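To start, the structure itself, in structure tokens.
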Amino acid sequence: MKNFNLAIDGPAGAGKSTIAKRLAKQLGFIYVDTGAMYRAMALYFLRNNIEASDSARIEAACKDVDITIEYKDGEQFVILNGENVNGLIRTEEVGNMASASSVNRTVRLKLVELQQNLAKKESVVMDGRDIGTYVLPNADLKIYLTASSSERARRRWNELKEKGVAADIEAIEQDIIDRDHRDMTREFAPLCQADDAVYLDSSDLTIDGVVDRILELYDEKASK
């Protein structure tokens, strides 16, 4: 079978990354960790003493960067210009640079290009806000995964509670609602359901339930 691309979009807190990683593992696909790719780009900037505010140098540097993801024996490797940088991209310095540089349109466009190139060569599961509508518009299966704002707030509140962090669940929900609005109204590649995406509300489903439903949809697509 040819490469199969599975795109999962949806708002913050819907469980996209958790579901995507589970699916990739069960299907034997590559989970495209877009966050790790942004960090690898940031590492390149740091190594070359490029400031996040220096748009001209960032745009020029993007032409010289190649980033991909490989899996070997179940472990993900982030490859920057041929080098495994797994052990270098999780520092606070790299994280801060990734956050600061990711607002640059050229950085985003370059990473989208790299993600598209990876999807052409490998079977992938990719999650985000605009995967099915912008990054992989021709994905074989598109899922729009969502949940009510109250349920997403409850999940986040539970996560914080388990870590011993006190939080106001109403404030969390308001933050979620505000973020949804920003994501859906941003000018470049806003969050929206692709016309050919399957709408899946996970409010009353377990993680296993969501995974099983998407696997059913995959089986239907793959058997055609």
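Using the Cβ-Cβ distance between M184 and D66 with R0 = 35 Å, the FRET efficiency computed as 1/(1 + (r/R0)^6) comes to roughly 0.60. Largest mean-square fluctuation among L88, L200, L118, in a Gaussian network model of the chain whose springs join Cα atoms under 10 Å apart, belongs to L88. Simple rule: put +1 on each Lys or Arg Cβ and -1 on each Asp or Glu Cβ in the chain, find the dipole, and look at G28, N81, G95; the Cα lying farthest toward the positive end is N81. With the charge dipole of the chain set up from +1 on Lys and Arg Cβ and -1 on Asp and Glu Cβ about the Cα centre, the Cα lying farthest toward the positive end among the listed residues T185, N158, Y134 is that of Y134. For the chain, the 222 nm mean residue ellipticity estimated from helices alone, with every DSSP H stretch of n ≥ 4 adding -39500 (n - 2.57) and the total spread over all residues, rounds to -15500 deg cm²/dmol. Label-to-label distance, Y199 versus I177, with points set 7 angstrom from Cα along the beta-carbon direction: 2.0 nm. Can you work out D for the chain in µm² s⁻¹ from Stokes-Einstein, where Rh is the Kirkwood radius over C-alpha pairs, the temperature is 10 °C and the viscosity is 1.306 mPa s? Rounded to a whole number, D works out at 86 µm²/s. Under 20 Å from a label point set 7 Å out along the Cα-to-Cβ vector of L109, the amide N atoms of region 150-190 belong to 186-190. With all pairs of different C-alpha atoms in the average, the Kirkwood value for the hydrodynamic radius of region 14-146 is 15.3 Å. What do you get for Rg/Rh of region 137-224 when both radii come from the Cα atoms and Rh is the Kirkwood radius? Radius of gyration over Kirkwood radius for region 137-224 works out to 1.05. At 7 Å along the Cα-to-beta-carbon direction for both V165 and K120, put a label point, then send me their distance in nm to one decimal. Distance between label points: 4.0 nm.
Classify region 178-223 as rounded, prolate or oblate, taking a ≥ b ≥ c as the square roots of the eigenvalues of its Cα gyration tensor: rounded when a/c is under 1.5, otherwise prolate if a/b is larger than b/c and oblate if not.
It comes out oblate by the Cα gyration axes.
Most simply put, the chain has about 35% antiparallel DSSP beta bridges, counting only bridges with both residues inside it.
Which shape class, rounded, prolate or oblate, goes with region 76-198 when its Cα gyration tensor gives a ≥ b ≥ c as root eigenvalues, a/c under 1.5 marks rounded, and past that a/b bigger than b/c marks prolate?
Details: a/c = 1.83, a/b = 1.25, b/c = 1.47.
The shape class here is oblate.
Its residue count N fixes a reference of 2.2 N^0.38 Å for region 74-113, and the Cα radius of gyration divided by that reference is 1.31.
Bear in mind these aren't lab numbers, they're just calculated from the coordinates by the rules spelled out. Not measured: the values here are computed from a predicted model. Cβ coordinates were reconstructed from backbone atoms using ideal geometry, including for glycine residues, and neighbour counts include every protein chain displayed.
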